[in-house]
1. Find the residue count for region 25-38, including only residues that are surrounded by fewer than 16 Cβ atoms within 10 Å (Cβ to Cβ) and either in contact (Cβ under 8 Å) with a residue 12 or more places away in the chain or not in a helix (DSSP H, G or I) (or both).
2. Of the conditions (1) in contact with a helix residue (DSSP H, G or I) (Cβ under 7 Å, 6 or more places away or on another chain); (2) loosely packed, with under 14 Cβ neighbours inside 10 Å; (3) modelled with pLDDT of 90 or more, residue 52 satisfies every one except a single condition; which number is it?
3. Just a yes or no: is a residue in region 93-101 in a helix (DSSP H, G or I) and either modelled with pLDDT of 85 or more or not assigned by the TED database to the domain that holds residue 26 (or both)?
4. Is one or more of the residues making up region 59-75 outside any helix (DSSP H, G or I) and either in contact with a strand residue (DSSP E or B) (Cβ under 8 Å, 6 or more places away or on another chain) or closer than 26 Å to residue 16 by Cβ (or both)?
5. Under the condition of being surrounded by fewer than 11 Cβ atoms within 10 Å (Cβ to Cβ) and more than 16 Å from residue 42 (Cα to Cα), which residue from region 58-82 is modelled with the lowest pLDDT?
6. Here is a list of conditions, (1) over 25 Å from residue 32 (Cβ atoms); (2) more than 20 Å from the chain's Cα centre (by Cα); (3) not in a loop (DSSP other than H, G, I, E, B), and residue 106 meets all of them except one; can you say which number that is?
7. Specify which of the listed residues (119, 127) is free of Cβ contacts under 8 Å to residues at least 40 places away in the same chain, loosely packed, with under 10 Cβ neighbours inside 10 Å and assigned to a helix (DSSP H, G or I).
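The values are calculated or read from the model by the stated rules, or taken from the named source; none is laboratory data. All values derive from a computational prediction rather than experimental measurement. As a convention, Cβ positions derive from the backbone with ideal geometry for all residues, glycine included, and neighbour counts pool all protein chains shown.
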């Protein structure tokens, strides 16, 4: 029974890893690839690590290391993916032409318009006071 559980978990991890590898090759731009790779790392490694815990037993030294690795992956992988995508966006890596919309650019334009309107209003008030 334990062997069957380990085998199923290992196959699930392998399946996610293979589908993620295909996705990384087929995605059109960096941002889609980052999203695909973060899902691959999380959903491919976690079942394999859980399979190690089940196979070795919960109290073995390998299991504690596997659980620590799984915890670190769950904690740091989303933050690392976000930081990588944000750095790419800030340095001007272009998005795929088929992207629905660039919400960050829209928000930045909206803030810039509001800032310019506030500056114009402040200048008008200063001129009226003089």
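1. Of region 25-38, the ones surrounded by fewer than 16 Cβ atoms within 10 Å (Cβ to Cβ) are 25-26, 28-29, 35.
Applying the additional criterion that residues be either in contact (Cβ under 8 Å) with a residue 12 or more places away in the chain or not in a helix (DSSP H, G or I) (or both) yields 28-29, 35.
Total meeting the criteria: 3.
2. (2)
3. So far as region 93-101 goes, no, none of its residues is in a helix (DSSP H, G or I) and either modelled with pLDDT of 85 or more or not assigned by the TED database to the domain that holds residue 26 (or both).
4. yes
5. 58
6. Going through the list (1) over 25 Å from residue 32 (Cβ atoms); (2) more than 20 Å from the chain's Cα centre (by Cα); (3) not in a loop (DSSP other than H, G, I, E, B), residue 106 breaks only (1).
7. On the way: 119 fails: loosely packed, with under 10 Cβ neighbours inside 10 Å.
Going through 119, 127 in turn, just one is free of Cβ contacts under 8 Å to residues at least 40 places away in the same chain, loosely packed, with under 10 Cβ neighbours inside 10 Å and assigned to a helix (DSSP H, G or I): 127.
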